[in-house]
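Participant: What follows is a single structure, and I will ask about it in a moment.
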Ligand code: C5P
């Protein structure tokens, strides 16, 4: 496709953004919607997690914003779509899909995500995911910063206790070590960090549809979002 064609397809591709705190179910829901519609999927949190992991692997000082910004901009990372609908995350040739999901890396990601140099370094990479036939993007600032033009913006929440329990089950299912009280503490401290940072804090976009999933099943949330997309004539 030539450059003009690429720009044209990018500009018409519809976007659904799903923002919310960690463990609210946005990753699972985004994956379900992208795979049902055959749209592209951006797990923006994975980019911040990979940046944190790369910093750890290369011994980059967490107190050096410039070095972290350069690292973010030049990440050698690939997102490979799996037949299961999931995504394999490959950093410098190594499958890091599980390694980036620990709470330790989540907290480090939340720290590097406070840095303007890191956010700027990842911005264009995120925009590039917007392509025909559409994009489902999940994160913290998808609707407020990266895809302000999105036709549908969802803000998905759930109580911290419920989110800790969900993450606990997720990690257990993957055979990873986890303890519920520590998970709850990590989730609450990450919420605080994400909501109170100066740049791109976690908050609903003014035009977001807010969904509290504490007492909802995954299918209920999925159906609610699909109904909103239909209401906006983004899909049939
Ligand atoms: O969504 P996930 O838990 O994988 O994100 C990890 C961390 O990356 C978040 O706690 C947040 O600090 C950061 N993040 C962000 N902006 C995004 C996505 C994630 O700041 N769009």
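Participant: For residue 216, are the conditions met, namely being over 25 Å from residue 13 (Cα atoms), out of contact with any helix residue (DSSP H, G or I) (no Cβ under 7 Å at 6 or more places or on another chain) and not in a helix (DSSP H, G or I)?
Facilitator: Answer is yes for this residue.
Participant: Looking only at residues that are under 18 Å from residue 221 (Cα atoms) and touching a helix residue (DSSP H, G or I) at 6+ places or on another chain (Cβ under 8 Å) in segment 152-163, which one is farthest from the ligand (Cβ to nearest atom)?
Facilitator: 152
Participant: Quick one: is residue 132 assigned to a loop (DSSP other than H, G, I, E, B) and more than 10 Å from the ligand (Cβ to nearest atom)?
Facilitator: yes
Participant: Of the residues that sit in segment 107-129 and are away from the ligand (no atom under 12 Å from the Cβ) and over 20 Å from residue 26 (Cα atoms), which one is surrounded by the fewest Cβ atoms within 10 Å (Cβ to Cβ)?
Facilitator: Top of the filtered list is 124.
Participant: Pick out the one residue from 199, 187 that is part of a helix (DSSP H, G or I) and either without any contact (Cβ under 8 Å) to a residue 60 or more places away in the chain or closer than 20 Å to residue 19 by Cα (or both).
Facilitator: Residue meeting the stated conditions: 187.
Participant: Please tell me if residue 102 is crowded, with 20+ Cβ neighbours inside 10 Å, in contact (Cβ under 8 Å) with a residue 12 or more places away in the chain and within 13 Å of the ligand (Cβ to nearest atom).
Facilitator: no
Quick note: the coordinates plus some simple rules give every number you see, no bench work behind them. In this text, all values refer to a predicted model and were calculated from it rather than measured experimentally. Positions of Cβ are backbone-derived with ideal geometry, glycine not excepted, and every protein chain shown enters the neighbour counts.
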